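K.L.:
Quick one: structure below, then a few questions.
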Amino acid sequence: MTRLSPCSSNSIADMFKIIFRLGISLAWALACVGAFAAEALPASDDPALEARVMKISNELRCLVCQNETIAASHAELAVDLRRQVREMLQNGQNEQQVVDYMTARYGDFVLYRPPFKALTALLWIGPAVMVALGLGTLFVVLRRRSRLADEAFEPDDKDASSDPHLS
Amino acid sequence: MKHVRYLVPMGILLVLLYFLRAGLSLNPKEVPSPLIGKPAPEFSLPRLDQPEQRISRDDMRGQVWMLNVWASWCVACRQEHPLLIQYAKQSKVPIYGLNYKDERAAGMKWLADFGNPYIASISDRDGRVGIDFGVYGVPETFVIDREGVIRYKQIGPLTPEVLRDTIEPLLKQLNS
């Protein structure tokens, strides 16, 4: 994989690379949209089992169309993985075992709710940290401003007539 | 000194731009495999050319080998193929093929048309062994060591750069 270096001398070529990558991403997205969002037909007669298959499948990401669950995706891999989930449940394995099976092969990335651990900590607490930073900054700025004397502010519009510079 | 504070938003913007740019250069299709450093999954599959013969994981013990996942319906495999053939001629490592979710006749024709770089291809008709290997985007290539441990996985077509900069040094290390 070529990587963009932050201080590349050939910035136009870089820009084309970026546009090219965007194009590829778009093509992928379109290819995924091509498979309409209707859920695939159940493949067994047991509605209770199918419901469990769909419940687990809804928690698992399809690696071919990455923003779809394997319940919604029509990619062949998703069909195969649903079949795998169905068979494991039919063999009496529980949901945790199915999830473990998938993560052993495809990693935490297949989980729409990845477990909290060192690698995913930023993912989980990142948004909270950003909000805290924002609120903290707002608080500090407001407090500083409230301590400033009136002269530090520009007059409001309605005070414009009383502004000595204008009269 | 007073102007320094105006640099703060500028700095934040630059940091954001840096991350945006870094994000663009990452390939979201490349998901790191949890199988690296783990024993290759067990399999026993029929050979593509001689279905009555089977090849299993344990037949590979004691040699460093490469498993290339391919299919006749896979466009990127065709793109990768000449490189694979060229690399197989140098015989630095035995290359085996995993014919993934493919018809036997189509797979055989593909090899006849484009050449066969593989010592042997095994036929994963329903894709189960593929799932065990965490395959999601053909072609994929695995480097497996003497003890049967997966040491490297390439998602998508091999390139001369990957072979030269990553796989060759790894092979040297594994064979020494």
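The values are calculated or read from the model by the stated rules, or taken from the named source; none is laboratory data. What you see is a predicted model; the values in this text were computed from it and never measured. We place every Cβ from the backbone using ideal geometry, glycine too, and count neighbours over all the protein chains shown. We work out accessible area using only protein heavy atoms, side chains counted, and drop any ligands, DNA or RNA first. Shrake-Rupley method; radii C 1.70, N 1.55, O 1.52, S 1.80 Å.
K.L.:
What percent does the relative contact order of chain B come to when contacts are Cα pairs within less than 8 Å and at least six residues apart?
P.N.:
27 percent
K.L.:
Ok, one more. With a ≥ b ≥ c taken as the square roots of the eigenvalues of the C-alpha gyration tensor of region B:87-163, please select rounded if a/c is under 1.5 and otherwise prolate if a/b is larger than b/c or oblate if it is not?
P.N.:
Cα axes put region B:87-163 in the oblate bin.
K.L.:
Let me make sure I get this right: for region B:46-141, a, b and c are the square roots of the gyration tensor eigenvalues over alpha carbons, sorted descending. Under 1.5 in a/c it's rounded, otherwise prolate if a/b > b/c, else oblate. Which is it?
P.N.:
Because its axes are fairly even, with a/c under 1.5, region B:46-141 counts as rounded.
K.L.:
A further question on this structure: Report, by chain and number, residues whose modeled amide H sits under 5 Å from the one on B:Ile122, excluding near sequence neighbours (fewer than 5 apart, same chain).
P.N.:
Distant-sequence amide H within range of B:Ile122: B:Leu48, B:Gly97, B:Leu98, B:Asn99.
K.L.:
Would chain B count as rounded, prolate or oblate if I go by the C-alpha gyration tensor, calling it rounded below 1.5 in a/c and otherwise prolate when a/b exceeds b/c, oblate otherwise?
P.N.:
Judged from the Cα gyration tensor, chain B comes out prolate (a/c at least 1.5, a/b above b/c).
K.L.:
Suppose accessible area is computed on protein heavy atoms with a 1.4 Å probe; arrange A:Thr103, B:Thr141, A:Thr137 from highest to lowest.
P.N.:
The residues order as A:Thr137, A:Thr103, B:Thr141, largest area first.
K.L.:
A further question follows. Pairs B:Lys29/B:Lys101; A:Lys117/B:Lys92; A:Lys117/B:Lys172; B:Lys89/B:Lys153; B:Lys101/B:Lys153; B:Lys109/B:Lys172: which are spaced more than 31 Å apart, C-alpha to C-alpha?
P.N.:
As for pairs spanning more than 31 Å Cα to Cα, those are A:Lys117/B:Lys92; A:Lys117/B:Lys172; B:Lys109/B:Lys172.
K.L.:
Given contacts defined as C-alpha pairs under 8 Å and at least six residues apart, what's the relative contact order of region B:76-146, whole-number percent?
P.N.:
Normalised by residue count, the contact order of region B:76-146 is 37 percent.
K.L.:
How much accessible area is lost when chains B and A come together, counting both sides, with a 1.4 Å probe, in Å² rounded to the nearest 100?
P.N.:
Looking at B and A, the buried total is near 2200 Å².
K.L.:
In Å², and per residue, what accessible area does region A:47-167 have when probed at 1.4 Å with the other protein chains present?
P.N.:
66 Å²
K.L.:
Taking the Cα centre as origin and putting +1 on Lys and Arg beta-carbons and -1 on Asp and Glu beta-carbons, what dipole magnitude results for region B:134-176, to the nearest 20 debye?
P.N.:
Computed charge dipole of region B:134-176: roughly 80 debye.
K.L.:
On the accessible surface of region B:12-160, probed at 1.4 Å, how many percent belong to carbon and sulfur atoms?
P.N.:
Working: 4110 of 6990 Å².
C and S fraction of accessible area: 59 percent.
K.L.:
Would you tell me the mean number of C-beta atoms belonging to other protein chains that fall within 10 Å of each C-beta in B:126-134, as a whole number?
P.N.:
The shielding value for this peptide is 4.
K.L.:
Which whole number gives the average, over all residues in B:26-32, of C-beta atoms from other chains lying within 10 Å of the residue C-beta?
P.N.:
4
K.L.:
Turning to a different aspect of this structure: For a quick protection proxy, order the peptides B:150-158, B:38-46, A:114-122, B:24-32 by their average other-Cβ count within 10 Å, most packed first.
P.N.:
So the order, starting with the most tightly packed, is B:150-158, B:38-46, B:24-32, A:114-122.
K.L.:
7 Å from Cα along Cα→Cβ at both A:Asp46 and B:Ala106: what's the point-to-point distance in nm?
P.N.:
The two pseudo-label positions are separated by 3.2 nm.
K.L.:
Taking the alpha-carbon centroid of each part, what is the distance from region A:57-91 to region B:12-62 in angstrom?
P.N.:
Here the answer is 18 Å between Cα centres.
K.L.:
Farthest toward the dipole's positive end in chain B, which of B:Ser56, B:Asn68, B:Ser176, given Cβ charges of +1 (Lys, Arg) and -1 (Asp, Glu) about the Cα centre?
P.N.:
Checking the options against the dipole of chain B, the answer is B:Ser176.
K.L.:
Hydropathy at least 1.0 by Kyte-Doolittle, axial extent at least 30 angstrom from the Cα trace: which helices of chain B, defined as entire DSSP H runs, fit?
P.N.:
TM-like helix candidates: B:4-25.
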